[in-house]
Amino acid sequence: MNLHEYQAKRLFAEHGVPIPDGKVARSPSEARDFARELGGRVVVKAQVHTGGRGKAGGVRLANSPNEAEEAAALILGMDIKGFTVNKVLIDQQAPGIDQEIYLAVLIDRGRRLPMIMASAAGGMDIEEVAESTPEEIFKVHVNPDLGVRGYQTTYIADGMELPRELWRDFHKLVVDLYACFAANDASLTEVNPLVITGEGKLLAVDGKMIVDDNALSRHPRIAEMRDIEEEPESEREARKAGINFIKLDGNIGCMVNGAGLAMSTMDIIKLFGGEPANFLDIGGGAKAEQVATALRLILSDENVEAVLFNIFGGITRGDEVARGIITALDQIDTDVPMIVRLAGTNAEEGREILASAQMETAATLSEAARKAVAAANGAQE
Ligand code: GDP
Ligand code: MN
């Protein structure tokens with residue numbers, strides 16, 4: 001789950017990371033009042049679940065309550081990369097910015113360890129830095145039993161040529177950010193930029209945090225921070241229906257029961273030269289209504305040129321799934337070609353139902369994937 005900047009920074013602050021004073025406003029007049037309370041010189045920042053707000057005009061400096069009101073009026077309602085701005089964060093301006101640093105704690109899946117990543121080339125897109133000047137990024141892995149060690153932050157501070165008098169503060173800040181990461185089961189806590197202010201202090205002016213969805217039951221307070229308005233419509237609907245859905249960039253929609261089977265279905269599609277449009281696991285015992293919802297989700301993506309069903313009946317019964325597909329197709333007007341591979345419990349009954357509805361079936365997964373790729377390519381020509 002993605003948090004807003006203001007939520008992330010408040011959690012950082014609970015662990016001692018220095019952040020500017022700030023308040024969240026929902027209207028220009030509120031922005032004006034908060035700017036006055038905060039001393040007049042503020043930054044007005046769009047709160048949306050995407051980066052690059054600065055470049056998009058979603059971050060504006062204001063030097064008076066009037067200017068804050070004007071800035072909020074410009075930013076509220078803006079569309080940034082498909083997200084509508086409903087809230088702005090009013091933060092006290094940093095007292096001058098001498099340098100912008102990138103700092104993050106994240107999971108390195110390859111090494112199965114948390115990793116600290118930092119660069120003196122902060123403020124910009126870290127992916128860009130990683131591409132053009134990878135030697136400017138410093139990484140250390142954290143042993144969770146030991147926590148962040150002094151020599152690790154010294155290595156990073158030295159590599160970044162951080163002014164010597166800030167090394168001690170930098171160490172404490174990294175330890176605090178790591179504590180926030182660990183305590184909240186985050187997969188990412190990122191500060192970009194961490195600035196050195198004109199007064200020579202470190203200050204986290206931006207914050208991004210992702211909390212592992214699987215750990216939300218341990219963090220009811222964070223689960224409540226979910227901003228429903230900000231989530232892609234399709235993922236919101238999927239969660240409501242208890243379907244595990246992740247949108248991807250390809251053109252072959254996938255409906256599969258079981259996460260592992262869904263992964264291998266995507267692999268097989270790629271093996272035959274296709275690109276999956278989504279990951280979708282309808283779970284065990286999927287009933288007709290759930291299949292219909294899943295199909296609507298898949299078809300709501302206009303990139304989808306073919307749909308591949310891969311159902312292995314265990315708890316899930318083939319005839320139920322087949323009825324679900326038919327029910328869904330009754331409700332949805334579509335000419336997207338569909339290929340169904342059914343195996344396991346009641347597969348025979350299921351195939352009969354589908355055959356009588358003139359749907360294409362396949363006996364093996366390879367055959368189904370080949371047909372789906374061909375159908376999707378045919379649609380492109
Ligand atoms: P992002 O573009 O979505 O990553 O939003 P940021 O919060 O990182 O803001 C973008 C840029 O605005 C930063 O890199 C800073 O250069 C600038 N900025 C943010 N806060 C302040 C501030 O308090 N004072 C000044 N002068 N600039 C700021
Ligand atoms: Mn940023």
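Adding -39500 (n - 2.57) for every DSSP H run of four residues or longer, then dividing by how many residues the chain holds, sets the calculated 222 nm ellipticity at -11500 deg cm²/dmol. For Ala362, the residues 5 or more places off, or on other chains, whose built amide H falls under 5 Å of its own are Val340, Arg341, Leu342. About its Cα centre, the stretch 259-381 has a charge dipole of approximately 320 debye under the convention of +1 per Lys or Arg Cβ and -1 per Asp or Glu Cβ, with nothing else charged.
Using just the C-alpha positions of the stretch 21-92 as equal point scatterers, what log10 of I(q)/I(0) does the Debye formula give at each q in 0.28 1/Å? With one equal scatterer per Cα and no solvent, log10 I(q)/I(0) is -1.20. Dividing the radius of gyration of the alpha carbons in the stretch 280-319 by their Kirkwood radius gives 0.98 for Rg/Rh. Dipole magnitude for the chain: about 840 debye, using +1 per Lys or Arg Cβ and -1 per Asp or Glu Cβ, origin at the Cα centre. With all projection directions averaged, the alpha carbon convex hull of the chain covers 21.5 nm².
Listed by chain and number, the lysines placed with their C-alpha closer than 16 angstrom to that of Lys201 are Lys172; residues fewer than eight positions away on the same chain are left out. Scaled against the 2.2 N^0.38 Å expected of a compact globular protein of N residues, the Cα radius of gyration of the stretch 97-223 reads 1.04. Amide H contacts of Val48: Glu5, each under 5 Å away and 5 or more positions distant or on a separate chain (H built 1.01 Å from N in the peptide plane; Pro and chain starts excluded).
Rounded to the nearest 10 degrees, the inclination of helix 5-14 to the longest alpha-carbon principal axis of the chain is 60 degrees. The stretch 79-155 and the stretch 259-335 have Cα centres lying 38 Å from one another. Computed with a 1.4 Å probe over protein heavy atoms only, the accessible surface of the stretch 1-121 comes to 45 Å² per residue. Largest GNM mean-square fluctuation across Val44, Val191, Val291, computed for the chain with C-alpha springs under 10 Å, falls on Val291.
Between Val195, Asn214, Thr153, the Cα set farthest toward the positive side of the dipole of the stretch 125-237 (charges on each charged residue's Cβ, about the Cα centre) is that of Thr153. Ordering Asn86, Ala68, Phe34 by the projection of their Cα atoms onto the charge dipole of the stretch 21-92, which places +1 on the Cβ of Lys and Arg and -1 on the Cβ of Asp and Glu, puts Asn86 at the extreme positive end. Note on the chain: GNM, Cα springs under 10 Å; of Tyr102, Tyr155, Tyr178, the largest mean-square fluctuation is that of Tyr155. Phi angles across the stretch 305-312 convert, under the Karplus curve 6.51 cos²θ - 1.76 cosθ + 1.60 with θ = phi - 60°, into 3J(HN,Hα) values of 10, 7, 10, 10, 9, 10, 10, 10 Hz, Gly and Pro given as x.
Summing charges over neighbours of Ile222, with a neighbour being any other residue whose Cβ is under 13 Å away from its Cβ, gives -2 when K and R count +1 and D and E count -1.
For the stretch 39-170, lysine pairs with C-alpha atoms less than 25 angstrom apart, excluding pairs fewer than eight positions apart on the same chain, total 5.
Per the Kirkwood formula applied to alpha carbons, the stretch 232-380 shows a radius of gyration over Rh ratio, Rg over Rh, of 0.92.
Taking Cα atoms only, the orientation of helix 28-37 departs from the longest principal axis of the chain by about 30 degrees.
If you run the Gaussian network model on the chain, springs between alpha carbon atoms under 10 Å, then out of Met124, Met263, Met255 the most flexible one is Met263.
With N as its number of residues, the stretch 1-152 has a Cα radius of gyration that, divided by 2.2 N^0.38 Å, comes to 1.18. Normalising the average separation of contacting C-alpha pairs (under 8 angstrom, six or more residues apart) by the number of residues puts the relative contact order of the stretch 173-331 at 18 percent. Rounded to the nearest 20 debye, the dipole magnitude of the stretch 21-92 is 260 debye, with +1 charges on Lys and Arg beta carbons, -1 on Asp and Glu beta carbons, and the Cα centre as origin. For Leu248, the residues whose amide H sits under 5 Å from its own are Asn278, Phe279, ignoring neighbours fewer than 5 places away on the same chain, with H placed 1.01 Å from N. Excluding same-chain neighbours fewer than eight residues apart, the lysines reachable from Lys371 by a Cα-Cα span under 20 Å are Lys270.
The values are calculated or read from the model by the stated rules, or taken from the named source; none is laboratory data. Note that this is a predicted model, so its numbers are computed, not measured. FYI the Cβ positions are ideal-geometry reconstructions off the backbone, even for glycines, and counts take in every protein chain you see. These accessible areas exclude ligands, DNA and RNA; they are computed on the full protein's heavy atoms, side chains included. Shrake-Rupley method; radii C 1.70, N 1.55, O 1.52, S 1.80 Å.
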